[in-house]
Each structure stands twice: as C-alpha cells, then as structure tokens.
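Data first, discussion second: the structure below is written as structure tokens.
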Amino acid sequence: MHIDILTLFPEMFDGPLTESILKRAQENELLTIRRHNIRDYTTGKHHTVDDTPYGGGGGMVMMAEPLVTAVEGVRGDDPQVPVILLTPQGRTLTQKVVQELAAYPRLILVCGRYEGVDERVRQSVITDEISIGDYVLTGGELAAMVIVDAVARLIPGVLGARWGAEEDSHAMGLLEYPHYTRPPVFREQAVPDALLSGDHGGIERWRRREAIRRTWQRRPDMLLTANLSEDERWFLADLAEADAPPPG
Ligand code: 6GU
C-alpha cells in the first residue's frame, strides 16, 4: 500500500509514523507513505495557500490552484487512485470504510485546513470525502493519521501472524470480550474460571458470550446486524429479559 498525504503541516505526522507498528510496516516495505507540503506547489514569491472568502465573513479559504496542482502532480496519470479530502462534511469513517480503503493499492489523502477549501478543488480532483466523527478539528491532519493507522493494520503482515485483525471489535460486528493476563488474582478479583480451563471450545464460547454481553450493554445498536448463532440469540434474549423493566 502506498499513501500520499497532502498537507500544510507535514511535520505533524512525525510522531505517529515513526513509532511502533507503523514504523515497522514501513521498514518492512508493506506500507510506503510520502508527505507533500502543499506550499511547495505555489507559484508566487509569497507562497500563498489561502485567501479571504468571496462574500465576506470570517476566516480563510484554501486556494484552488496550489491544492489542485499538488494533487495532479502527486497523482500523475493514474486516474484510478482515490483522492480523499478529510473534512467534517465527509462520510463518517467506520471499520467498513476502513476495509474498503485497505483494498486499494494506493490512496491520496488531502488535509483541509482553515475554514475550508475552495469548492472548485472538490469539483476538479476530489473523489471522496471522509470525516472521522461528529466534532470539529482544526484540520484534516489528525483524521489522516487515524485513517493511515486503521488502514495499515489491515495490510497482510503488518500485524503479527498470530495476531490478525479478524477478531477486532467492529470487524466481528461485536465489541471485544474482556481480556485478562497474570496474575490469576489481582486485589481479590479472580480471572474467570472459563479462561483457566484449557478447554478451547469452552473458552471460545465464553468469549463470544461476553462479547455479546458487552455489546448489549454498550452498543445495542450493533446487535441489529451482528451475525449470531441460534444458541447466541437465546443467550441475548436472556440478557434482554434480565434487563427488561419490571411488569406493571
Ligand atoms: Cl476529517 N477534519 C476536521 N477538520 N474536523 C473533523 C474531521 C476532519 N473529522 C471529524 N472532525
């Protein structure tokens, strides 16, 4: 996977890209990331990238020329590559969208700044717009980092072989089951017997049920689309009954 990031602040990415799993993914050449400073695509001697909005009002708007020139320069003659603008107006990022993005060999991420970008950037070069949630950030950079991280961990080989992404919360359609490690008792709280049994079928069943319990408690909306067995549907019905308001 190759990701190009267009930004006015390429150094913002130093931390996330140079530690831990994203660092190793790049060292192993499973992921290549190139950062491009939009300011390098300006022509005037002042290297201006923003201007006041037509019609007045506060704030600044990112100009069309540097941004479109940057996208065209970076994209080359590959019309297939998604050019994604990070903006609170985009479609909301979910694990399903992350999976969709991870299937491309290449992505271009465009980080908006200031109050917005000239509408003609959208019309000229943007193929998709993504938001990472219903709140407002000062720019698209943090959102781009979120996308890079979430996409990278789905690339085969980025996570260890024994530690795939298949059982992640959301990928499974359920929140994750509770985890425990040593010691067996911590401040009088014991690890559940089911996990100490060595019975792999029993452990799997316990984990599925606890994932369902947690999802019921925290994200009942996710259960509408979760893939549950007959036995698990009965377990969920029992949970719902125990929680039901008292009769009368
Ligand atoms: Cl992609 N950009 C900005 N500026 N704010 C956001 C966002 C993106 N996603 C959520 N809030």
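The values are calculated or read from the model by the stated rules, or taken from the named source; none is laboratory data. Note that the structure is predicted; figures quoted are calculated from it, not measured. So basically every Cβ, Gly included, is an ideal-geometry build from the backbone, and we count neighbours across all protein chains shown.
The table for this structure:
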read-out	value
Cβ-Cβ under 9 Å pairs, at least 6 apart or on other chains, the stretch 183-210 side touching a residue at least 24 places away in the same chain (Cβ under 8 Å), far side of a type in the set (S, T, Y)	W206/Y177; W206/S197; R207/Y177; R208/Y177; R208/S229; R209/Y177; E210/Y177
Any hit, the stretch 153-163, residues being under 30 Å from N28 (Cα atoms), among the basic types (K, R) and surrounded by 11 or more Cβ atoms within 10 Å (Cβ to Cβ)	yes
Selected residue (criterion: nearest to the chain's Cα centre (by Cα)) from residues of the stretch 31-45 that are at pLDDT below 95 and not small (G, A, S)	T43
Pairs where the first residue, in the stretch 106-117, is more than 17 Å from P82 (Cβ to Cβ) and the second is more than 10 Å from the ligand (Cβ to nearest atom) and part of a loop (DSSP other than H, G, I, E, B), C-beta under 7 Å, 6+ apart	R113/L8; Y114/G59; Y114/M60; E115/G59; E115/M60
All positions within the stretch 46-75 that are over 29 Å from the mean Cα position of the chain (by Cα) and assigned to a loop (DSSP other than H, G, I, E, B)	H46, H47, T48, T52, P53, Y54, G55, G56, G57, G58
Qualifying position, being crowded, with 18+ Cβ neighbours inside 10 Å and either farther than 15 Å from R122 by Cβ or hydroxyl-bearing (S, T, Y) (or both), among L85, L67, L101	L101
Qualifying residue in the stretch 34-45 (condition: among the aromatic types (F, W, Y), on the phi < 0 side of the Ramachandran plot and in contact with a helix residue (DSSP H, G or I) (Cβ under 8 Å, 6 or more places away or on another chain))	yes
Test result for S169, in the same structural domain as Q26 (by TED's automatic domain parsing) and either away from the ligand (no atom under 16 Å from the Cβ) or crowded, with 16+ Cβ neighbours inside 10 Å (or both)	no
Residue within the stretch 92-111 that is at pLDDT below 95 and not acidic (D, E) present	no
Top-ranked residue in the stretch 7-31 [being assigned to a loop (DSSP other than H, G, I, E, B) and free of Cβ contacts under 8 Å to residues at least 24 places away in the same chain; ranked as farthest from V117 (Cα to Cα)]	E29
Given (1) out of contact with any helix residue (DSSP H, G or I) (no Cβ under 6 Å at 6 or more places or on another chain); (2) in a strand (DSSP E or B), number of the condition D4 does not satisfy	(1)
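Results for (1) of a type in the set (F, W, Y); (2) surrounded by 10 or more Cβ atoms within 10 Å (Cβ to Cβ); (3) part of a loop (DSSP other than H, G, I, E, B), shown as yes or no for each residue.
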| site | (1), (2), (3) |
| --- | --- |
| H179 | no, no, yes |
| A194 | no, yes, no |
| E204 | no, yes, no |
| I212 | no, yes, no |
| D231 | no, yes, no |
| W234 | yes, yes, no |
| E241 | no, no, no |
